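Readers should treat all values here as calculations from the given coordinates under stated rules, not as data from a laboratory. All of these numbers come straight from a predicted model, not from anything done at the bench. Positions of Cβ are generated from backbone atoms using ideal geometry, with glycine treated the same way; all protein chains shown enter the neighbour counts.
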Amino acid sequence: MKDFIFITGASGIGKTTLANGLLEHYKTACIEQHMVPEFISRDGSEPMTGELEELTCWENQVAMLMCFHRLGYKNIIASDIDDLRTADIPIVFKGTDFITIKLICSDLHQIEEQMRNRPNNGLIDFDLQKKMNKKILSVIL
């Protein structure tokens, strides 16, 4: 039994599908980045930058995860973690027992089909996905 199960990987690769399967198996809690409430800016007038938006989402996700942990939950699933934040996991969650699962796929056709069949979202940006996947595979393989 782990405290946390982190699932990372590129868009359209099956993170949510895996998270839902683990949630069904462990009957615990699952926090995904998209669960952070919508926001525009901190004071209503300043523009929200990508960096500030990412930091706000990350800090909220960490707070929610730690809340479940304090309440005694185990096998808390955290999905849709930004690849840049993956390096922060050992620092932020030091002293807890966790596993990080990084999903990769070399079959771009499968990724495109999965992105097309997303409920409510459909294909988001397959060209960006293709570039990201190529970069990930060049580092791993």
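The ranking of Glu51, Glu32, Glu59 from fewest to most other beta carbons within 10 Å of each one's beta carbon is Glu51, Glu59, Glu32. Each residue of region 85-98 was assigned a 3J(HN,Hα) from its phi angle through the Karplus curve 6.51 cos²θ - 1.76 cosθ + 1.60 (θ = phi - 60°); the sequence is 7, 4, 5, 7, 4, x, 7, 5, 9, 4, x, 10, 9, 9 Hz, with glycine and proline shown as x. Taking the square roots of five times each eigenvalue of the Cα gyration tensor of the chain, the equivalent ellipsoid has semi-axes of 24, 21, 15 Å, listed largest first.
Put in order of Cβ neighbour count within 10 Å, fewest first, the listed residues Ser11, Ser45 become Ser45, Ser11. For Asp43 and Thr100, FRET efficiency with R0 = 22 Å and r from the beta-carbon atoms, rounded to 0.05? With R0 = 22 Å, the Cβ-Cβ based efficiency is 0.05. The residue list Met35, His25, Gly14 was ranked by how far each Cα lies along the charge dipole of the chain toward its positive end, using unit charges on Cβ atoms, and His25 comes out on top.
Would you calculate a helix-derived [θ] at 222 nm for the chain, using -39,500 (n - 2.57) for each DSSP H run of n ≥ 4 and dividing by the full residue count, to the nearest 500? Kindly include the intermediate steps, with their values, before the conclusion.
On the way: 5 runs with 61 residues, N = 141.
-13500 deg cm²/dmol, from helical runs alone.
Remark on Phe6: its backbone amide H falls under 5 Å from those of Ala78, Ile99, Thr100, Ile101, a criterion applied only to residues 5 or more positions apart or on other chains, H modelled at 1.01 Å from N. About its Cα centre, the chain has a charge dipole of approximately 540 debye under the convention of +1 per Lys or Arg Cβ and -1 per Asp or Glu Cβ, with nothing else charged. Straight Cα distances below 20 angstrom link Lys135 to the lysines Lys15, Lys102, with same-chain residues fewer than 8 positions distant left out.
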